[in-house]
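*Asks:* Quick one: this structure, given as structure tokens, is what I'll be asking you about.
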Amino acid sequence: MKIIIELLAASVRIATPLLLAALGGILSECAGTFAVGIEGMMLMGAFAGVVATYSTHNLLLGLFASAFGGAALASIIATATACFRADQMVTGLASNILSLGLTSFLVRGFFGGQAPVMRLAPLPAISVPILSRIPVLGEVLFQQPALTYAAFLLVLPVHFLLVKTQIGLTMRAVGENPAAAFAVGSDPIRVRMAAIIAGGVLAGLGGAELALQELGTFTDGMTNGRGFIALAAIIVGRWQPLKVMIGCLLFGTASALALNMQGWGLPVSSYVLQMAPYVIALAVLIGIGRGVKMPAAIGRSFTRD
Amino acid sequence: MKTVAGKSVPETRAGDSLWRVVNKGSSFNRLALSVLAVLAAFAFTAVPISLSGKNPAVAYWALLRGAFGSVDAITFALNKSTPYILAGVGVAMCFRARIINIGGEGQIAVGGIVSSWIILTFPDLMSSVLIPLALVGAALAGAVWAGLPAMMRLRRGVHEVLSTLMLNFVGTLLVGEVLNGTMGEPGAGFPQSPLFPESGRLPILLPQTDLHSGILLALIAVVSCHFVLWYTPFGFRLRVLGSSSSAAIYAGISLSSTFLSVMLLSGALAGVAGGIEVMGIHYRLIEGFSSGFGFNAVAVALLGALNPLAILPSGLFFGFLEAGSLAMQREVGVPSSLVYVIEGVTMICVLCAMGFIGPRSRS
């Protein structure tokens, strides 16, 4: 029983960066821009968060830096795709390469050519009073670090933003039919840019979660495909925050299981276990197959004339 | 999926502009565009170099010397360019048909695995049999690795961007897995296979240097893809598919078979690139040998404006850039990961230019 509780708690923790990135991706994709760049935004967030926290010893500043790092890359993507009508997926890929190079370069460049050993204490778990004493559920859900609570508490607001507010309606209109949205007075280019950058803030915080809360350090390319898993989770959850959360938990559980199996000493190689999240994501995508309805105008650039 | 003329069409949702410009722009414009993109990238990249407290001019000068400074430097760079050109041509063919195959890294990885396996299993074959056999094996492996996402797309509607990305991770982890298992060198302390026998190494082109014959294969691939793209029915079909999938349907072109064939072709080229890398450079399979190659291939294809002949200079550019950056790191202490910054910015500039001058797509 203890093993299962630990496994579930780990799943929730591992799902957190995926969830933050996926929520950011939803914002971008609902407004009609593929979010292939969230991998790079996470990496920028992780880098900026660790460097800022390491240099200032101020966690809050670190989190701000993470959000800023993600948003900075997002604004490059936003400018390229919305203003210059660059191809969204390949631009996303290019910005992932850019962020990989930039973070790996700067982590050495800032500290005189050699990457410093940055050891930060990972964020501690906070027990929620009363709730954490619920058997099983309390241990799984209410003894988590701060950013995990933040990520899961964001799901409902993002849902309401998209479904119940004027802003969300405008975003979805731009994602479904930018010409119509333009006709009723909103500016699709600006809406898309804002959505991508807001998504970058969330994805950057996802990177911060990974770097500051999970690992307490920055290493080259440390996001290691988590952004792509988050993209898969968005498709699995059909662009609906609550369902995407379930998708993230699913992939989180798969990773937690793979990690735990390494500990149990089963005769499965660590390489095969590391493949598990990707193979499972592919299997799930194959399983849902067609009939996934994406925002109608996603991937298409918009011009006023 | 949308339906055209009673058939369901796998929808390609990528932006229209990239492909239109590539099809229509004059060759001078395309060249100017690529040169400008590279210059812009070097200009942008001066910012992080200055941020790290180094002089960009010094760094770029070291990079240039490192790339062209000696015969060894040049042959090293030519060897570096070989897999980029091979995989880049494949990516360009896919992008022509508006198929975003970004799974080069995984395809290169499995190509390397299979060719290594063939060489280590049949070490006694003579080299004129073993090397072609290993290359064919590599091509088949790469083709399978690209065929999987093609089938996922055609059968189940899974977008190839996601599936090829996921298969990159699986492919590179597979290298570690086989080295951890049966193909690893016992007691090496590093995930690598035993050294290949002489018969399994690509012949050296220039005596006294490391330049191996892989670059010839890259040349052949470039010229054949140019021929296939512009002078064969298959090339025509894939260009039509790239211009308009509805036009392709009305012209009676089978979308799924064109989709599958171009993915297989592209995968095979990447697989060969993987085979060449292990047989020409390392003489063994080592973990992480394909790291970053697939994304480089995309950069190469874009800078070459998806034109097979232009892939050659574009691939050489990135090969020399990378070789030069390693020297730059050694000599002036500027980290070589700068290459990825230059690469990313170049790609974004090319994409922006293509999007901006391309015809306005109506949404």
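The values are calculated or read from the model by the stated rules, or taken from the named source; none is laboratory data. Note that this is a predicted model, so its numbers are computed, not measured. As a convention, Cβ positions derive from the backbone with ideal geometry for all residues, glycine included, and neighbour counts pool all protein chains shown.
*Asks:* More than 8 Å from chain A (Cβ to nearest Cβ) and under 30 Å from residue B:189 (Cβ atoms), is that true of residue B:278?
*Replies:* yes
*Asks:* So which residues in the stretch B:210-229 are assigned to a helix (DSSP H, G or I), more than 26 Å from residue B:154 (Cβ to Cβ) and out of contact with any Phe, Trp or Tyr (no Cβ under 9 Å at 6 or more places or on another chain)?
*Replies:* Hits for the stretch B:210-229 are B:214, B:215, B:216, B:217, B:219, B:220, B:222, B:223, B:226, B:227.
*Asks:* Another question about this same structure. Scan the stretch A:280-299 for residues that are surrounded by fewer than 19 Cβ atoms within 10 Å (Cβ to Cβ) and in contact (Cβ under 8 Å) with a residue 60 or more places away in the chain and jot them down.
*Replies:* A:296
*Asks:* Please verify whether residue B:86 is assigned to a helix (DSSP H, G or I) and farther than 26 Å from residue B:196 by Cβ, treating the condition exactly as stated.
*Replies:* no
*Asks:* Right, next: How many of the residues in the stretch B:65-99 are surrounded by fewer than 24 Cβ atoms within 10 Å (Cβ to Cβ) and within 14 Å of another protein chain (Cβ to nearest Cβ)?
*Replies:* Total meeting the criteria: 1.
*Asks:* If you take just the helices (runs of 4 or more DSSP H) that sit entirely in the stretch A:136-203, which of them hold at least 3 residues that are aromatic (Phe, Trp, Tyr)?
*Replies:* The helices (runs of 4 or more DSSP H) meeting that bar are A:146-164.
*Asks:* A follow-up question, please. What tally of residues in the stretch A:96-124 results from selecting those that are closer than 25 Å to residue A:148 by Cα, surrounded by fewer than 20 Cβ atoms within 10 Å (Cβ to Cβ) and polar (S, T, N, Q)?
*Replies:* The number of residues fulfilling the criteria is 0.
*Asks:* Report those helices (runs of 4 or more DSSP H) wholly inside the stretch B:230-337 carrying at least 2 residues which are of a type outside the set (Ser, Thr, Tyr), touching a Cys at 6+ places or on another chain (Cβ under 9 Å) and closer than 19 Å to residue B:107 by Cβ.
*Replies:* Output list reads B:255-277, B:308-332.
*Asks:* Right, something else. What single numbered condition from (1) within 14 Å of chain A (Cβ to nearest Cβ); (2) within 20 Å of the chain's Cα centre (by Cα); (3) over 25 Å from residue A:299 (Cα atoms) fails to hold for residue B:304?
*Replies:* (3)
*Asks:* How many of the residues in the stretch A:64-94 are at pLDDT below 95 and closer than 25 Å to residue A:116 by Cα?
*Replies:* Matching residues across the stretch A:64-94 total 0.
*Asks:* I would also like to ask the following. Looking only at the stretch A:127-154, how many residues end up being surrounded by fewer than 18 Cβ atoms within 10 Å (Cβ to Cβ), at pLDDT 85 or above and hydrophobic (A, V, I, L, M, F, W, C)?
*Replies:* Matching residues across the stretch A:127-154 total 3.
*Asks:* Inside the stretch A:228-279, can you point out the residues that are part of a helix (DSSP H, G or I), surrounded by fewer than 18 Cβ atoms within 10 Å (Cβ to Cβ) and among the hydroxyl-bearing types (Ser, Thr, Tyr)?
*Replies:* Within the stretch A:228-279, just A:270 meets the criteria.
*Asks:* Still on this structure: More than 8 Å from every other protein chain (Cβ to nearest Cβ), among the hydrophobic types (A, V, I, L, M, F, W, C) and either within 14 Å of residue A:210 (Cβ to Cβ) or within 16 Å of the chain's Cα centre (by Cα) (or both): is that true of residue A:60 in this structure?
*Replies:* no
*Asks:* Can residue B:288 be described as under 22 Å from residue B:147 (Cα atoms) and either small (Gly, Ala, Ser) or modelled with pLDDT of 95 or more (or both)?
*Replies:* no
*Asks:* Another question, then. Using beta carbons and a limit of 9 Å, which pairs, at least six apart or on different chains, have the first residue in the stretch A:168-184 and within 18 Å of residue A:24 (Cβ to Cβ) and the second one among the aromatic types (Phe, Trp, Tyr)?
*Replies:* A:168/A:160; A:174/A:182; A:174/A:302; A:175/A:239
To keep it simple, each residue is scored yes or no on (1) hydrophobic (A, V, I, L, M, F, W, C); (2) over 17 Å from residue A:13 (Cα atoms).
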{"position": "A:179", "(1), (2)": "yes, yes"}
{"position": "A:182", "(1), (2)": "yes, yes"}
{"position": "A:203", "(1), (2)": "yes, no"}
{"position": "A:214", "(1), (2)": "no, no"}
{"position": "A:218", "(1), (2)": "yes, yes"}
{"position": "A:248", "(1), (2)": "yes, no"}
{"position": "A:263", "(1), (2)": "no, yes"}
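*Asks:* Give the residues of the stretch B:330-341 that are facing chain A (nearest Cβ under 9 Å) and not aromatic (Phe, Trp, Tyr), sorted by residue number.
*Replies:* Result: B:333, B:334, B:335, B:336, B:337, B:338, B:339, B:341.
*Asks:* Let me ask you something else. Only one of A:72, A:52, A:21, A:9 is more than 11 Å from chain B (Cβ to nearest Cβ), closer than 28 Å to residue B:293 by Cβ, surrounded by fewer than 24 Cβ atoms within 10 Å (Cβ to Cβ) and not aromatic (Phe, Trp, Tyr); which?
*Replies:* Sole residue among the options that is more than 11 Å from chain B (Cβ to nearest Cβ), closer than 28 Å to residue B:293 by Cβ, surrounded by fewer than 24 Cβ atoms within 10 Å (Cβ to Cβ) and not aromatic (Phe, Trp, Tyr): A:72.
*Asks:* Could you tell me how many of the residues in the stretch B:144-185 are surrounded by fewer than 24 Cβ atoms within 10 Å (Cβ to Cβ) and more than 13 Å from chain A (Cβ to nearest Cβ)?
*Replies:* 3
*Asks:* Right, another one. Pull up the stretch A:280-303, narrow it to residues that are part of a helix (DSSP H, G or I) and under 30 Å from residue A:170 (Cβ atoms), then point me to the one that is nearest to the other protein chains (Cβ to nearest Cβ).
*Replies:* My answer is A:285.
*Asks:* Moving on to the next point. Look through B:344, B:294, B:355, B:319 and report the one residue that is of a type outside the set (A, V, I, L, M), surrounded by 24 or more Cβ atoms within 10 Å (Cβ to Cβ) and away from chain A (no Cβ under 13 Å).
*Replies:* B:319
*Asks:* Another one. Any chance the stretch A:204-221 includes a residue that's closer than 30 Å to residue A:104 by Cβ and free of Cβ contacts under 8 Å to residues at least 12 places away in the same chain?
*Replies:* Yes: the stretch A:204-221 contains one or more residues that are closer than 30 Å to residue A:104 by Cβ and free of Cβ contacts under 8 Å to residues at least 12 places away in the same chain.
*Asks:* Something else about it: Please enumerate the residues belonging to the stretch B:323-349 that are among the charged types (D, E, K, R), more than 25 Å from residue A:77 (Cα to Cα) and under 17 Å from the mean Cα position of the chain (by Cα).
*Replies:* Of everything in the stretch B:323-349, nothing turns out to be among the charged types (D, E, K, R), more than 25 Å from residue A:77 (Cα to Cα) and under 17 Å from the mean Cα position of the chain (by Cα).
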